[in-house]
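In what follows, a structure is listed as C-alpha cells, so that the remarks can point back to it.
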Number of protein chains: 2
Amino acid sequence: MPQPGTRVGMARERVLQVAERLFMERGYTGVSMREIADALGIKQPALYYHAPEGKHQLYLAVLERALERHRAELHTRIAASDADLRAQLRVVVRWLLHSVPFNMARMAQIDIPALPAATAATASMLVWEALYLPIAQLFANAQARHEIRALDPTMLAGAAVALIDSLRAYDVPEEYTGPPELIGDQLIDMLLDGVLI
Amino acid sequence: MPQPGTRVGMARERVLQVAERLFMERGYTGVSMREIADALGIKQPALYYHAPEGKHQLYLAVLERALERHRAELHTRIAASDADLRAQLRVVVRWLLHSVPFNMARMAQIDIPALPAATAATASMLVWEALYLPIAQLFANAQARHEIRALDPTMLAGAAVALIDSLRAYDVPEEYTGPPELIGDQLIDMLLDGVLI
DNA sequence: GTCTATATGGTGATAGAC
DNA sequence: GTCTATCACCATATAGAC
C-alpha cells in the first residue's frame, strides 16, 4: 500500500482525509460522492480510481484509518492516566468530546445498515474493537479490583458510550448549562455514585 | 377536522396509521412516499390529496398524533404508580420499551434536520414536551422530596432517555444478556445507586 | 379520493479518452 | 489520475382527467 509522502500515494491520502472529514461530520448516507469530489476539486468519477468498488469501499477505508488512530490514542491516554476508574473514564470522555468524530447512534442506526452486508459486518466489528472493547475493559478491570459492583462490563460500556454520545446527539430547547467537559464529568459522577442521596 | 368513523375521514385515518407505522420504524428519510402509497394500496400522487404540502406535512401530522397518544399514556401510568422515583422510572422505561415507536437518536440527528426549518422547530418542541418534559418533571419532583442529589433535571432526563434509547439503538456483537426489561431495570438501578461498591 | 402522465433533480456507477 | 459523456434509477412533486 503506497504511503503518504511517497508522491505515489499523495492523492489517495488527500482523498481519504477529505472523505473522512465529510463522512464523520454527516455520515455515510449524508454525503454524496459528488460532494467529496467537489471538496477535493476533482470530478465525481475520478473517485472511482481510488475506490473502484465504490462508495462503500471508500467509507470503509476512511473508517479503518480513523478508528485505528482513535484506538491508539485512547490506549496511550489510558495508559498514562491514574489507575482508578473515575480518572480513566474522565480521560476517555475528554478524548471522545475533543476528538469528536464518531457519532455512534448515527453509525449504528443509519450508516452501517446502509452498507452492503459484508462491509457492514466489518465496520461493525471495527467499531466494536476500537470503541467499545477498550471501555468495557476498563470496567472489567475495575471489577477485578473490586472497585465496582458485578454488572456486565459490556452493558456498562454501552451505557457509558450512550451517555457520551447523547451529549452531541440531542439538543434540548434550554440547553444543558455549561461546557461539555463539565457535563461529561457530571455524567461520570452520576454513573459511579448514582443520583440518590 | 374529520373524525375517524365518520366515513369522511376514514381514508385520512388509514393514511395516518400506515404512515405512522413506517415513519416510526424507519424514520422520515428512510421511508419514501411511494412506499407509504404501496402499503396503502394506492398510487403515490394520491397521498398529496391528504397532505397537500407534501411529505413533511404528513410526517408532522403523524408525529403529533403519536406523541399525543404517548404523552397521555405516560401521564396515566405515572399517575397510577408509586410515588418514589425508582418505581416511576420503572413504569416509564417499561412503557418506552413496549410502546417502541420513538427512536430519539434518529429523530434528533436525521429526521428533524431533514425537515423544513419551520416544521423542524415544531417537531422539536413537540418531542420535548411529550417526551423529555414529563421525565424531567419526575426528577424535579424527586429533588423537591430530597430523594436525589441536586443535579440538573434536564440533564438527568437526557441521560435517562439516552440510556433507554441505547437499548434499541445499538447491537453489540455479544448481545446484552437477558430481555430488555431486565436491562432496563438494571440501568435504572445503575442511575440511582451508581456502580461503585 | 384516486388515477395517469410527467417534470425535475439527485444518486451511484461505467466507458473510454487523455 | 483525472477527464467528459452518459446511464439507470430513485426521489418529491405537479397537472389534470375521472
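The values are calculated or read from the model by the stated rules, or taken from the named source; none is laboratory data. Everything numeric in this text was worked out from a predicted model, so none of it was measured. Heads up, the Cβs are rebuilt from the backbone with ideal geometry, glycines too, and the neighbour counts pull from every protein chain shown.
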Based on this model, can you work out whether B:Ala80 counts as surrounded by fewer than 14 Cβ atoms within 10 Å (Cβ to Cβ), over 28 Å from B:Ile148 (Cα atoms) and more than 14 Å from chain A (Cβ to nearest Cβ)?
no
Do we have A:Phe139 as among the aromatic types (Phe, Trp, Tyr) and more than 9 Å from chain B (Cβ to nearest Cβ) here?
no
Only residues that are more than 30 Å from A:Ile112 (Cα to Cα) and near DNA strand D (Cβ under 8 Å from one of its atoms): list them for segment B:50-72, please.
B:Ala51, B:Pro52, B:Glu53
Quick one: B:Glu64 ticks every box in (1) farther than 30 Å from B:Arg149 by Cβ; (2) surrounded by fewer than 19 Cβ atoms within 10 Å (Cβ to Cβ); (3) without any contact (Cβ under 8 Å) to a residue 60 or more places away in the chain except a single one, so which number is it?
(3)
If I filter segment B:27-42 for residues that are closer than 20 Å to B:Ala123 by Cβ, away from DNA strand D (no atom under 12 Å from the Cβ) and under 17 Å from the mean Cα position of the chain (by Cα), do I get at least one hit?
no
Residue under question is B:Glu129, and the condition is that it be within 14 Å of chain A (Cβ to nearest Cβ), more than 13 Å from DNA strand D (Cβ to nearest atom) and surrounded by fewer than 17 Cβ atoms within 10 Å (Cβ to Cβ); does it hold?
yes
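Does A:Leu138 satisfy being buried (at least 17 other Cβ atoms within 10 Å of the Cβ), part of a helix (DSSP H, G or I) and at pLDDT below 95?
On the way: buried (at least 17 other Cβ atoms within 10 Å of the Cβ): yes; part of a helix (DSSP H, G or I): yes; at pLDDT below 95: no.
Spelling it out, it is not the case that A:Leu138 is buried (at least 17 other Cβ atoms within 10 Å of the Cβ), part of a helix (DSSP H, G or I) and at pLDDT below 95.
Among B:Arg86, B:Arg26, B:Arg106, which is the only one that is in contact with a Gly (Cβ under 6 Å, 6 or more places away or on another chain), within 14 Å of another protein chain (Cβ to nearest Cβ) and charged (D, E, K, R)? Break it down into steps so the answer makes sense when it comes.
Details: B:Arg86 fails: in contact with a Gly (Cβ under 6 Å, 6 or more places away or on another chain); B:Arg26 fails: in contact with a Gly (Cβ under 6 Å, 6 or more places away or on another chain).
Answer to the check: B:Arg106.
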State which residue is farthest from A:Leu191 (Cα to Cα) when the search covers only segment A:87-102 and only residues that are out of contact with any Leu (no Cβ under 6 Å at 6 or more places or on another chain) and buried (at least 20 other Cβ atoms within 10 Å of the Cβ).
A:Phe102
